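Asker: This is the structure, below, for whatever I ask next.
The values are calculated or read from the model by the stated rules, or taken from the named source; none is laboratory data. The model shown is predicted, which means the values in this text are computed figures rather than measured ones. Cβ placement follows ideal geometry from the backbone for every residue including glycine, while neighbour counts extend to all protein chains displayed. To get the accessible areas, we keep the full protein, side chains included, count just its heavy atoms, and leave off ligands, DNA and RNA. Shrake-Rupley method; radii C 1.70, N 1.55, O 1.52, S 1.80 Å.
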Amino acid sequence: KAGVTQTPRYLIKTRGQQVTLSCSPISGHRSVSWYQQTPGQGLQFLFEYFSETQRNKGNFPGRFSGRQFSNSRSEMNVSTLELGDSALYLCASSLRGASNEKLFFGSGTQLSVL
Amino acid sequence: GQQVMQIPQYQHVQEGEDFTTYCNSSTTLSNIQWYKQRPGGHPVFLIQLVKSGEVKKQKRLTFQFGEAKKNSSLHITATQTTDVGTYFCAAFMNSGYSTLTFGKGTMLLVSP
């Protein structure tokens, strides 16, 4: 069974640009969560999608958005990039997103904003 | 907001020494999960604890969930260089769906 796939692996952007990151969950998993990881703040929850609906959202500005498609693949978008958005963006999937399920993480997208 | 506190932030040990990381919450947790992230890698699930006072072992790793379900610990006996990485505890702070809140992690360095 293929794992969680994130593309691209690395991205370099400049301030003010926008970026779209992609995540393909494990086959059969319908819940996709996104996390931002930085050395200072650790892993911070961005949002979670299930059946194309955003069920939970973390404390991030509106520049961060996402969506999920009918095949459970998910994208996240960051508009008007700021230097502080430089981070590793991790996507994780689980079957239903229930609180007793473990998360399977992708390898992440390393975003650098110059 | 609700959070999970994890200490220490960093620990450097000699190979063969023991290591412990602690996780604390101000609220009662339904369960707690532990993940390991190797340098340059992504978090990988290790274990989930559900019951009050639960203790689980995986070879040299021992996981405990406190009686009040507000704290947890991970203990590694006789560390090896393969144990290097960051260990995170994580808990669902909201009832219901997948809002897994992570502690800031403990980075473990093991010198041969």
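Asker: Quick check, is residue A:71 assigned to a loop (DSSP other than H, G, I, E, B) and facing chain B (nearest Cβ under 10 Å)? If you could, list the steps in order and put the result at the bottom.
Answerer: On the way: assigned to a loop (DSSP other than H, G, I, E, B): yes; facing chain B (nearest Cβ under 10 Å): no.
No: the conditions fail for residue A:71.
Asker: Can you report the number of residues in segment B:69-112 which are more than 16 Å from the chain's Cα centre (by Cα) and open to solvent by 60 Å² or more (accessible area, probe 1.4 Å)?
Answerer: The number of residues fulfilling the criteria is 7.
Asker: Related question: For residue A:107, all conditions in the list (1) modelled with pLDDT of 95 or more; (2) part of a strand (DSSP E or B) hold save one; what is the number of the exception?
Answerer: Every listed condition holds for residue A:107 apart from (2).
Asker: Output the residue which, of all residues in segment A:33-46 that are within 9 Å of chain B (Cβ to nearest Cβ) and in a strand (DSSP E or B), is most open to solvent (accessible area, probe 1.4 Å).
Answerer: A:44
Asker: Can residue A:17 be described as under 12 Å from the mean Cα position of the chain (by Cα) and either open to solvent by less than 70 Å² (accessible area, probe 1.4 Å) or farther than 16 Å from residue A:97 by Cα (or both)?
Answerer: Values: under 12 Å from the mean Cα position of the chain (by Cα): no; either open to solvent by less than 70 Å² (accessible area, probe 1.4 Å) or farther than 16 Å from residue A:97 by Cα (or both): yes.
So residue A:17 fails the test.
Asker: Which of the residues that make up segment A:20-32 are over 25 Å from residue B:104 (Cβ atoms) and surrounded by 12 or more Cβ atoms within 10 Å (Cβ to Cβ)? Working first, answer last.
Answerer: Of segment A:20-32, the ones over 25 Å from residue B:104 (Cβ atoms) are A:20, A:22, A:24-30.
A:20, A:22, A:24, A:25, A:26, A:29, A:30, listed by residue number.
Asker: Take the residues in segment A:77-106 that are within 24 Å of residue B:91 (Cβ to Cβ) and open to solvent by 30 Å² or more (accessible area, probe 1.4 Å); name whichever of them is farthest from the other protein chains (Cβ to nearest Cβ). Quick ask: steps written out before the conclusion?
Answerer: The first filter runs over segment A:77-106 and keeps only residues within 24 Å of residue B:91 (Cβ to Cβ), leaving A:87-106.
From the residues that got through so far, the ones that are open to solvent by 30 Å² or more (accessible area, probe 1.4 Å) too are A:95-96, A:99-100, A:102, A:104.
Numbers: A:95: 10, A:96: 8, A:99: 4, A:100: 6, A:102: 4, A:104: 7 Å.
By that ranking, first place goes to A:95.
Asker: Does residue B:45 count as open to solvent by less than 60 Å² (accessible area, probe 1.4 Å), among the aromatic types (Phe, Trp, Tyr), under 30 Å from residue A:10 (Cβ atoms) and out of contact with any Cys (no Cβ under 9 Å at 6 or more places or on another chain)?
Answerer: Values: open to solvent by less than 60 Å² (accessible area, probe 1.4 Å): yes; among the aromatic types (Phe, Trp, Tyr): yes; under 30 Å from residue A:10 (Cβ atoms): yes; out of contact with any Cys (no Cβ under 9 Å at 6 or more places or on another chain): yes.
Yes.
Asker: How many residues, within segment B:35-61, are closer than 15 Å to residue B:102 by Cβ and either more than 10 Å from chain A (Cβ to nearest Cβ) or of a type in the set (Lys, Arg) (or both)?
Answerer: So the count comes out to 1.
Asker: Working only within segment A:51-65, note down all residues that are open to solvent by 40 Å² or more (accessible area, probe 1.4 Å) and either away from chain B (no Cβ under 11 Å) or not in a loop (DSSP other than H, G, I, E, B) (or both). Steps first, answer last, please.
Answerer: Applying the first criterion (open to solvent by 40 Å² or more (accessible area, probe 1.4 Å)) to segment A:51-65 yields A:51-55, A:57, A:59, A:61-63, A:65.
Of everything in segment A:51-65, those that are open to solvent by 40 Å² or more (accessible area, probe 1.4 Å) and either away from chain B (no Cβ under 11 Å) or not in a loop (DSSP other than H, G, I, E, B) (or both) turn out to be A:51, A:52, A:53, A:54, A:55, A:57, A:61, A:62, A:63, A:65.
Asker: Out of (1) open to solvent by less than 20 Å² (accessible area, probe 1.4 Å); (2) out of contact with any Ser or Thr (no Cβ under 8 Å at 6 or more places or on another chain), what's the single condition that is false for residue B:59?
Answerer: Against the list (1) open to solvent by less than 20 Å² (accessible area, probe 1.4 Å); (2) out of contact with any Ser or Thr (no Cβ under 8 Å at 6 or more places or on another chain), residue B:59 comes up short only on (1).
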